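Student: After the structure tokens below, expect a handful of questions from me.
All of the numbers you see were taken from the coordinates with simple rules; none came from a lab. Given the structure is predicted, the values throughout are model-derived calculations rather than measurements. Note that each Cβ is placed from the backbone with ideal geometry, even for glycine, and that neighbours are counted across all protein chains shown.
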Amino acid sequence: MVDFWKPPSLVNETVDFMVNSKFRDKLHQFLDEHSIDYNIIIDDVHQFYAIALSYLQQIDELTPRQAILFGNQRRFQDESSSKLDLVMGEYHSYDAIVWWLKSLEERFPEIVEVISIGITAEGRNIFGAKLGTKNVNKTGVIWIDAGIHAREWASVHTALYFIKKLVTDYFIDPKTTEYFELLDIYIYPCLNPDGYEYTRSAPNDPSVRLWRKNRGLGEQCERRDGKERCCRGVDLNRNFAFYFAVSQCYFKRFLVMNVTFSIPETGSSYSPCSEIYHGKYAFSEKETRAVRDAVLSLRHRMKSYITLHTYSQLWVYPYSNKRFAYSDDVDDLKAVAKQAVESLRRLYGTKYRYGTGPEIIYAYSGGSADWAKKTARVKYSYTIELRPSYFCTLLLNEVSNIAAWNGFVLDKRQLIPTGRETYEGVKVVIDKVIAESRHRGMYILISNFI
């Protein structure tokens with residue numbers, strides 16, 4: 001069974017995938033017979049996860065190119081001594097995250113409110129922070145979430161970085177103070193805490209650390225090749241009611257080295273053992289229902305929906321269910337995405353691509369950002385795929401082969417730079433929302449005057 005880390009997308013794009021060692025020889029034979037170029041990035045994934053993280057933390061000297069990647073610093077760790085602070089530049093347990101959010105609320109009740117939008121299959125609250133003053137004349141709502149896929153730890157850290165950055169800057173930066181006065185910013189750093197904690201339970205075991213789905217109770221079974229397999233969990237980002245479960249309707253075919261590949265254009269699966277299993281029906285999962293209900297309750301004020309993922313360095317706007325599917329205001333979304341990736345790049349030189357899913361990565365259905373755009377009618381709806389890209393990881397090859405590729409296991413030294421640069425991009429969206437709100441307010445004022 002192939003586990004795609006970077007699935008097939010466009011012609012001449014690379015693909016990253018993991019296979020069980022017992023299929024290694026057959027895979028090599030197939031690739032060689034069809035003259036398909038390939039590189040073994042990680043020869044032993046289990047060994048990689050066992051030693052890579054500790055090894056990377058021992059590196060003190062950086063080459064010039066690595067210094068760019070890490071922001072010209074050896075370490076990126078927050079040295080805050082406050083007992084109420086969560087140290088940035090580290091991966092944290094969900095309990096630690098919740099404790100920190102509640103600590104912020106206790107310390108800054110005038111601008112921080114901790115809210116649970118629902119309960120997971122295993123009984124955890126899905127907590128997030130509402131940031132903003134008590135001003136009743138708000139111009140809109142910004143929604144940011146992360147961690148809907150269990151293995152994407154860097155997305156969780158990035159959302160936490162946003163919270164800390166916003167709360168800290170509220171007291172010292174006039175522009176951030178304005179954000180709090182004019183907007184309510186909802187940030188949910190981990191929409192899939194069950195899956196997230198599962199990946200933390202055995203981080204050296206690839207089958208655990210790379211778990212993508214939730215931990216929905218009860219197994220679903222299927223028969224293949226005369227054998228029955230039973231699996232649990234649903235890909236939450238395929239469970240939203242936007243072209244749900246149409247994975248067998250559209251296929252794109254392309255030729256690679258004289259081999260024709262047929263890839264489902266909507267990127268979800270009916271197989272409960274697939275990592276992109278969409279579930280029995282739309283919103284079958286407690287986690288997706290919680291997001292649905294929370295977003296719909298805010299839909300009349302929500303101006304932007306941003307969901308953070310890893311990896312590939314992409315800024316994706318709707319729609320992703322098929323090629324050439326665009327919203328009526330796609331030009332607005334594209335213009336803001338372009339400005340966002342340009343602003344992001346100015347900090348460390350990190351290059352992002354922007355476009356719809358089928359244009360820059362792959363097509364899929366049932367995604368949260370597409371649903372937010374179509375059903376909740378949130379204008380600036382984006383999916384952001386964070387560091388690393390395939391090319392950025394090659395820079396680490398100067399350190400050692402074991403550190404040459406890290407995909408979902410982002411080197412801790414990149415966590416704060418990732419948060420910083422992504423925040424610069426997100427600020428472009430926030431500024432656009434405020435500017436448009438002011439423009440509408442001026443238009444209403446002039447119309448009333450006339």
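Student: Taking a ≥ b ≥ c as the square roots of the Cα gyration tensor eigenvalues, with a/c under 1.5 meaning rounded and otherwise prolate when a/b beats b/c, else oblate, which class fits segment 105-162?
Tutor: Working: a/c = 2.04, a/b = 1.65, b/c = 1.24.
It is prolate, given that a/c is not under 1.5 and a/b is the larger ratio.
Student: Additional query: Assuming 0.36 nm per residue, please report the length gained on full extension of the stretch CYS231 to SER284 beyond their Cα-Cα distance. It would help to have the intermediate numbers written out before the result.
Tutor: Numbers: separation 53, 0.36 × 53 = 19.08 nm, distance 1.59 nm.
That pair, CYS231 and SER284, stretches by 17.5 nm at full extension.
Student: Here is a follow-up. What is the distance, in nm, between label points placed 7 Å from the Cα along the Cα-to-Cβ direction at GLU222 and at LYS351?
Tutor: 3.7
Student: Once you've got the Cα coordinates, tell me which of LYS286/LYS379; LYS280/LYS303; LYS164/LYS334; LYS130/LYS175 are over 22 Å apart.
Tutor: Pairs exceeding 22 Å: LYS286/LYS379; LYS280/LYS303; LYS164/LYS334.
Student: Report Rg/Rh for segment 154-217, rounded to two decimals, where Rg is the Cα radius of gyration and Rh the Kirkwood radius.
Tutor: Answer for segment 154-217: 1.18.
Student: Using label points projected 7 Å from each Cα along Cα→Cβ, tell me how many nm separate PHE171 and GLU110, to one decimal.
Tutor: Those two pseudo-labels are separated by 1.1 nm.
Student: So how far, in whole Å, is the C-alpha centre of segment 269-296 from the one of segment 153-187?
Tutor: Value for the Cα centre distance between the two parts: 29 Å.
Student: Run the dipole for segment 282-366 about the Cα centre, Lys and Arg Cβ at +1, Asp and Glu Cβ at -1, nothing else charged, and hand back the magnitude in debye, nearest 20.
Tutor: That gives segment 282-366 a dipole magnitude of about 180 debye.
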